[in-house]
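A.B. asks: The structure is given below, and queries will be raised subsequently.
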Amino acid sequence: MIESFRNIFAIPDLRKRVLFTFGLLGVYRIGCHIPSPGVDPNALLEFMNSQAGGLLGFVNTFTGGSLQKIAVFALGIMPYITASIILQLLQVVVPSLEKLRQEVEVGQ
C-alpha cells in the first residue's frame, strides 16, 4: 500500500492528475463557503431551521450544507441533472422535442 502512494508521486503523469483533482476539490470547497451577495444570512438561517426536516433539509444534505449558506456553488450539478430529466420526460409528450432529439447534432 505504501508502494502505491510512492508511485503516485514517482510517475509524473499520475502526480499531475492527482494534484489537479485535489486542486479542483479545493476550489469547490472554497466556493461552498463564499456566500452569495444580497442574501440576509439571519433570515436565511431562520428559514432553513424551520425547514430542517423537510425537502430543503434533504437537499441541503446533498449540497454538503452549502445550500444553508446560499453559497456560490450551493447547488453543484443538481440543476443540470434536474433539467436533463425534465427534458427527457417532455420528449415523450411534446412531438417537436422528439424531432429535435432525433436530429442528433441539432438536438444535442
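A.B. asks: Just checking, how many residues over the stretch 40-78 are part of a helix (DSSP H, G or I) and acidic (Asp, Glu)?
C.D. replies: The qualifying residues number 1.
A.B. asks: Related question: Given the criterion part of a helix (DSSP H, G or I), modelled with pLDDT under 80, aromatic (Phe, Trp, Tyr) and over 19 Å from the mean Cα position of the chain (by Cα), identify the matching residue among Phe9, Phe5.
C.D. replies: Exactly one of Phe9, Phe5 is part of a helix (DSSP H, G or I), modelled with pLDDT under 80, aromatic (Phe, Trp, Tyr) and over 19 Å from the mean Cα position of the chain (by Cα), namely Phe5.
A.B. asks: Report every pair of residues separated by at least 6 positions or lying on different chains whose Cβ atoms are under 6 Å apart, first residue within the stretch 38-57 and over 13 Å from Ile70 (Cα atoms) and open to solvent by 80 Å² or more (accessible area, probe 1.4 Å), second assigned to a loop (DSSP other than H, G, I, E, B) and not basic (Lys, Arg).
C.D. replies: Qualifying pairs under 6 Å: none.
The values are calculated or read from the model by the stated rules, or taken from the named source; none is laboratory data. Please read all numbers here as calculations on a predicted model, not as lab measurements. Note that we place each Cβ from the backbone using ideal geometry, even for glycine, and neighbour counts take in every protein chain shown. Accessible surface areas use protein heavy atoms only, side chains included; no ligands, DNA or RNA. Shrake-Rupley method; radii C 1.70, N 1.55, O 1.52, S 1.80 Å.
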